[in-house]
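Student: Mind looking over this structure? Questions follow.
The values are calculated or read from the model by the stated rules, or taken from the named source; none is laboratory data. Since we're looking at a predicted model, the values are computed, not measured. Using ideal geometry, Cβ is built from the backbone for each residue, glycine included, and neighbour counts are taken over all protein chains shown. Heads up: the accessible areas ignore ligands, DNA and RNA and are worked out on the full protein's heavy atoms, side chains in. Shrake-Rupley method; radii C 1.70, N 1.55, O 1.52, S 1.80 Å.
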Amino acid sequence: MRWRRLFQLGAMAFSMSVTAAPKIPVARHYNMYVGTYTGPHSKGIYVFRYDTRSAEFTPLGLAGEMVRPSFLAVSSNDKFLYAVSELGNSGRTHGYVYSFSIDSASGKLTFVNKQDSRGGGACHLVVDQTGKFLLLANYGSGSAAVFALSPDGGIGESTAFEQFSGTGPDRKRQRGPHAHSVVLSHDNRFLFVPDLGTDRIHIFRFDAATGRLTPNQPPFATVDPGAGPRHLTFTPNGRFAYVVDEMGSSVTAFRYDATAGALNKLQAISTLPAGNTHENDSAEIETDSGGRFVYASNRRNDSIAVFSIAKASGKLTRIQVEPTRGRTPRNFTIDPTGKYLLAANQDSNNIVVFRIDRKTGKLSATGKVLEAPSPVCLTFVPAE
């Protein structure tokens, strides 16, 4: 998402110290793209026009047609959108990654090209801060790959590939590696790959000149056995990182050493309300732009957990578990103004808008509900 990427661009001036992120002007209009699980009701990526002054969303329909665009990323110049096509999630069948050019005025997407993702179940991707490379994770085969990007938005040859190995204690879900996301440090020097299958967050040094990856020292951080790390987010000042654990229904907090690229574990805290006895899979995680709160989604509990961040220690306190007014909130995002959180409810075909209390971080439903077929990813791009 552009606003978050811009915060990341300025969040750290790497001179062996961490600096605060600058404030980025908010545009009047944005196109909000919605990645979906395609089927009888969905044909690909959909788009809404968002007016930041009125907080109104206008549906513009199908933006680009493709199969199972389960995660989206935008180029650094906002001219191109990239999407994984999640195929072969449980086997070795290769997935794909697509490139589209963006018509800012209409929101329409024009196909540029696609590449084999070099693994099964492509599930997450990110564009590096130079805009020259695209990095992605393959869940099914447990691997990560880097691809060169051309000035016209095309996805070129792969510059790096890492195949992971290992298992976890859950014999059903952790029989092998399952890379679930790719996250770059604010200074673009380190890549972090949470691996649900091995309970590790793999860490690499990223060469932004060549697109190559080198195992870091230390080469990984760990979460509790069987927790299954999924997605990772940094605070805007780069001091702390938080990983949502899908299987453990928890958030693992880390202090981040920006010099060494190391994650030092602080705590693990549940995403579920006290007394919950039902099965759950946690999914998405975000920090607010002020670095004061963390949000994490619960798919079976159908809720968003809200945590406050202790300024000095980085440890979390759970302050709210808010129902999403829909089923299976696989993904959510915070809008560019920082005033609203949008929960994409995959199995109820809707996106529910919540107001964020800027003082407490807590969520309250606005009553706005957007209809979208099987939404699983949301991202904002400035519009004309």
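Student: Only loop residues by DSSP count here, and only those with at most 16 other Cβ atoms within 10 Å; note down the GluC sites (Glu not before Pro) in segment 260-312 that meet that.
Tutor: Answer in residue order: 279.
Student: What residue among 62, 33, 275 has its Cα farthest toward the positive end of the dipole of the chain, where the charges are +1 on Lys, Arg and -1 on Asp, Glu, each on the Cβ?
Tutor: 275
Student: Now a separate question. Run through every distinct alpha carbon pair of segment 319-384 and return the Kirkwood hydrodynamic radius in angstroms, one decimal place.
Tutor: 12.2 Å is the Kirkwood radius here.
Student: On to the next question. Order the following by accessible area, largest value first: 66, 247. Probe radius 1.4 Å; ligands, DNA and RNA are ignored.
Tutor: Sorted by accessible area, descending: 247, 66.
Student: OK, next. Put 152, 302, 199 in order of accessible area, largest first, 1.4 Å probe: what do you get?
Tutor: Order by accessible area, largest first: 152, 302, 199.
Student: Tell me, what HN-Hα J-couplings in whole Hz come from the Karplus equation 6.51 cos²θ - 1.76 cosθ + 1.60 at θ = phi - 60° for each residue of segment 293-302, using x for Gly and Pro?
Tutor: 9, 10, 10, 9, 9, 10, 6, 7, 6, 6
Student: Quick one: which residues, 5+ away or cross-chain, put their amide H under 5 Å from the amide H of residue 300? H built at 1.01 Å from N.
Tutor: 281
Student: Do any trypsin sites (Lys or Arg not before Pro) in segment 33-115 lie in a DSSP loop with no more than 10 other beta carbon atoms within 10 Å, and if so, which?
Tutor: Passing both the DSSP loop test and the Cβ count: 53.
Student: Also, quick follow-up: I'd like to check one number: the per residue accessible area of the chain, probe 1.4 Å, reported in Å² as a whole number.
Tutor: That works out to 38 Å² per residue.
Student: Please report Rg over Rh for segment 172-224, where both radii come from the alpha carbon positions and Rh follows the Kirkwood definition.
Tutor: 1.02
Student: What label, among [x] 42; [y] 15; [z] 27, belongs to percent of Cα pairs over 35 Å apart computed from the structure on display?
Tutor: Among [x] 42; [y] 15; [z] 27, the one calculated here is [y].
Student: With +1 on each Lys and Arg Cβ and -1 on each Asp and Glu Cβ, how big is the dipole of the chain about its Cα centre, in debye rounded to the nearest 20?
Tutor: Taking the Cα centre of the chain as origin, the dipole is about 660 debye.
Student: Another one. Kirkwood hydrodynamic radius, computed over distinct alpha-carbon pairs, for segment 100-219: how many Å, to one decimal?
Tutor: 15.0
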